[in-house]
Amino acid sequence: MKHVKHWLAMLALSLLAAHAAASQLRDVTPRPAPSLLLTQLDGGRVDLDQMRGRVVLVNFWAVWCPPCRKEMPSMARLADRLAGQPFTILGVNVGESPEEIRAFLAQVPVNFPILLDQEARSLKPWNVFAFPTTYVVDKRGRLRLGLFGSIEWDDPEAVARLEALLAEPD
């Protein structure tokens, strides 16, 4: 029952998150990013600690979350736009089966890794209270930007914030 109440609360908060403006992509006090070691939807493991030297957008989402569904195509466009640069998007799906995720991705394809956190273990260390929640990790492995809600990730303002991080030295 506790698990169900938690998910109902997450649903309510996610519906409140709705669409945010790129200006709501906020600076966070630089601090080491929490650990993130998860299995990819299509196999293999991803370890955020092994991504030093890259700017990493870590997006926590769920198939049932309307704002999450809305922002996915803009993240795919962002990945295309920043291709060839030291930039990675990690979509962390929380609590859903691979079958549910694949069905969604058949409708909304993405070009970045989808990671599985079926037990929702990453939520607490990453301070995720609603979906979508996104953090941007700099090349040194520090949290730098955060967002509660969805945005169009290929919006010029959002791209400029990410390009500024990409221009920083390792």
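The values are calculated or read from the model by the stated rules, or taken from the named source; none is laboratory data. Quick caveat: nothing in here was measured; it's all calculated off a predicted structure. As a convention, Cβ positions derive from the backbone with ideal geometry for all residues, glycine included, and neighbour counts pool all protein chains shown.
Numbers for the structure displayed
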quantity: Contacts under 7 angstrom Cβ, first residue in the stretch 46-70 being farther than 13 Å from Gly149 by Cβ, partner aromatic (Phe, Trp, Tyr) and surrounded by 19 or more Cβ atoms within 10 Å (Cβ to Cβ), 6 or more apart; calculated: Arg54/Phe87; Val55/Phe87; Val58/Tyr135; Ala62/Phe131; Val63/Phe104
quantity: Filtered residues of the stretch 98-149 (kept if touching an Asp or Glu at 6+ places or on another chain (Cβ under 9 Å), of a type in the set (S, T, N, Q) and within 23 Å of Phe87 (Cβ to Cβ)); calculated: Asn111, Thr134
quantity: The listed residue being in contact with a Ser or Thr (Cβ under 9 Å, 6 or more places away or on another chain), among the charged types (D, E, K, R) and either within 19 Å of Asp27 (Cα to Cα) or surrounded by fewer than 19 Cβ atoms within 10 Å (Cβ to Cβ) (or both), out of Asp154, Asp138; calculated: Asp154
quantity: Some residue of the stretch 100-116 being surrounded by fewer than 19 Cβ atoms within 10 Å (Cβ to Cβ), outside any helix (DSSP H, G or I) and of a type in the set (Phe, Trp, Tyr); calculated: yes
quantity: Residues within the stretch 16-33 that are among the aliphatic types (A, V, I, L, M) and modelled with pLDDT under 50, tallied; calculated: 5
quantity: Test: Ala120 is assigned to a loop (DSSP other than H, G, I, E, B), in contact with a His (Cβ under 9 Å, 6 or more places away or on another chain) and hydrophobic (A, V, I, L, M, F, W, C); calculated: yes
quantity: From Leu13, Leu48, Leu57, Leu36, residue being at pLDDT below 95, closer than 17 Å to Val128 by Cβ and surrounded by 12 or more Cβ atoms within 10 Å (Cβ to Cβ); calculated: Leu13
